[in-house]
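The values are calculated or read from the model by the stated rules, or taken from the named source; none is laboratory data. Since this is a predicted model, take the numbers as computed values, not measurements. For neighbour counting, all protein chains shown are included, and Cβ atoms are generated from backbone atoms with ideal geometry for every residue, glycine included. Each accessible area value is taken on the protein alone, full model and side chains, heavy atoms only, with ligands, DNA and RNA left out. Shrake-Rupley method; radii C 1.70, N 1.55, O 1.52, S 1.80 Å.
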Amino acid sequence: MMARIIFHVDLNSFYASVEQAYNPELKGKPIAIAGNPKERRGIIVTSSYEARAKGIYTTMNVSEARRKCPDIILLPPDFPKYRQASKAMFTILRSYTDLVEPVSIDEGYMDVTNNSSDQHPIDLAKEIQLRIYNELDLPCSIGIAPNKFLAKTASDMKKPMGITILRKRDVPDKLWPLPVIEMHGVGESTAKKLASLKIHTIGELAHIEERVIQQALGKNGVRLKARANGQDSRVVDPNAIYETKSVGNSTTLPVDETDMKTLEKTFEKLAGKVAERLDVKKLCGSTISIQIRDASWHNHTRSKTFQNPIYHQNVIFEEALKLFRKAWDGEPIRLLGITVSNVIDRKQSVEQLSIFNFEDYAKQEPIYELIDQIERKFGKGAIQKGIELDKKQSFASKTSFSKDFFEDLKE
């Protein structure tokens, strides 16, 4: 069976590069995209390579960035501009193959296996890179590998404007000596758990007994061990981006907060936003999670899974608050978030009968029998129990901004 040839295309310093493309006078200068400097949200979202060379990094506070780089140029995010640039980039990728899977607004996978008979992968990568640069004035890095994990890893190895090939046989020399935290898919929390198992490098992860890693990290641990050995069976799926897996919302508080009433009001607002987005997409979810970030930037998460999916604001609020009360140790809070995950279409959800609701179903049984009789005579769907009407117009985004642009790609 022929090995796959996968590209991972990653636009470099995307927001900053788009701003420089629109305004050439910004080229060669340290610029950064940031929130409102007067608010707590005033942190660096991304920065140009000129700014990074002076010590500027993502999540740095604006005031600290100005101290490190007095001549830094701060710009507010211009999301419509970024979405337009993203759409143009994916249009270029799709001119080569239909097997393009966007991952976020500035990166995506391509399966170019079928292209390799006409053009060498390196030559194809160079052509794509130059087209994106010449037509959009945007730099990108491209990783070339037999699977998605290695392609993603390869694209990170040389930035900006890099092209890197990473084969399975390269894994022992190029990946195994690296700290495990540098592996795609391993965050700080997972790195700490791995450290408790005396796993500090990717090579040590690759050689850990599967039984041990599964006991410590479950299925994700087994998956990470496989990736550490260069194994990844995921295919490039153009439709994967349209599958919503979770709906969430978070907010940074104006000050480090300890007042319970204020925190409750914050959770209530977050629950409202999450419920509205679930309503817009007609979704419900069986797991609720909360995120807590304290004044020291330590993140804490708690979650709960239900037998029946939830989507009502009051339920989301009450359950999130319960989780928070159990988890909060009284430390000042900087950020709060709520996420409902394992989401499905509400029409697909089937509420489980219980001692609390079986009577309601019993009362409706004659109605269901009547509907069955009509459908047997006139056909399936001839009558419905109810008709969905939009009670009010909602301006809630169906997705977070990072996936809003996916709607553009359907056009």
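Tell me which of these residue 158 doesn't satisfy, since it passes every other one: (1) touching a His at 6+ places or on another chain (Cβ under 6 Å); (2) surrounded by fewer than 14 Cβ atoms within 10 Å (Cβ to Cβ); (3) not polar (S, T, N, Q).
It is condition (1) that residue 158 fails.
Can you go through 232, 237 and tell me which one is in a loop (DSSP other than H, G, I, E, B) and open to solvent by less than 40 Å² (accessible area, probe 1.4 Å)?
232
Taking region 320-343, which residues are in a helix (DSSP H, G or I) and within 14 Å of residue 248 (Cα to Cα)?
Of everything in region 320-343, just one residue is in a helix (DSSP H, G or I) and within 14 Å of residue 248 (Cα to Cα), namely 320.
Yes/no matrix, rows are residues, columns are (1) modelled with pLDDT under 95; (2) farther than 15 Å from residue 138 by Cβ; (3) open to solvent by less than 60 Å² (accessible area, probe 1.4 Å); (4) basic (Lys, Arg):
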| residue | (1), (2), (3), (4) |
| --- | --- |
| 33 | yes, no, yes, no |
| 36 | yes, yes, no, no |
| 40 | yes, yes, yes, yes |
| 61 | yes, yes, no, no |
| 66 | yes, yes, no, yes |
| 92 | no, no, yes, no |
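Since residue 25 meets every condition but one in (1) free of Cβ contacts under 8 Å to residues at least 24 places away in the same chain; (2) loosely packed, with under 14 Cβ neighbours inside 10 Å; (3) not in a helix (DSSP H, G or I), which condition does it not meet?
Evaluating residue 25 over (1) free of Cβ contacts under 8 Å to residues at least 24 places away in the same chain; (2) loosely packed, with under 14 Cβ neighbours inside 10 Å; (3) not in a helix (DSSP H, G or I) leaves (3) as the failure.
Quickly run through region 300-335 and pick out the residues that are surrounded by 16 or more Cβ atoms within 10 Å (Cβ to Cβ) and among the small types (Gly, Ala, Ser).
320
Confirm whether residue 85 is within 30 Å of residue 295 (Cα to Cα), open to solvent by less than 30 Å² (accessible area, probe 1.4 Å) and at pLDDT 90 or above.
no
Please list, ordered by residue number, the helices (runs of 4 or more DSSP H) wholly in region 123-202 having 3 or more residues that are at pLDDT 95 or above and either within 30 Å of residue 81 (Cα to Cα) or charged (D, E, K, R) (or both).
148-155
Kindly provide the set of residues from region 193-228 that are buried (at least 18 other Cβ atoms within 10 Å of the Cβ) and either touching a strand residue (DSSP E or B) at 6+ places or on another chain (Cβ under 7 Å) or touching a residue at least 40 places away in the same chain (Cβ under 8 Å) (or both), ordered by number.
Passing the criteria: 201, 224, 227, 228.
Say whether the condition of being open to solvent by less than 30 Å² (accessible area, probe 1.4 Å), among the aliphatic types (A, V, I, L, M) and farther than 24 Å from residue 333 by Cβ is met by at least one residue in region 272-288.
Yes, because at least one residue in region 272-288 is open to solvent by less than 30 Å² (accessible area, probe 1.4 Å), among the aliphatic types (A, V, I, L, M) and farther than 24 Å from residue 333 by Cβ.
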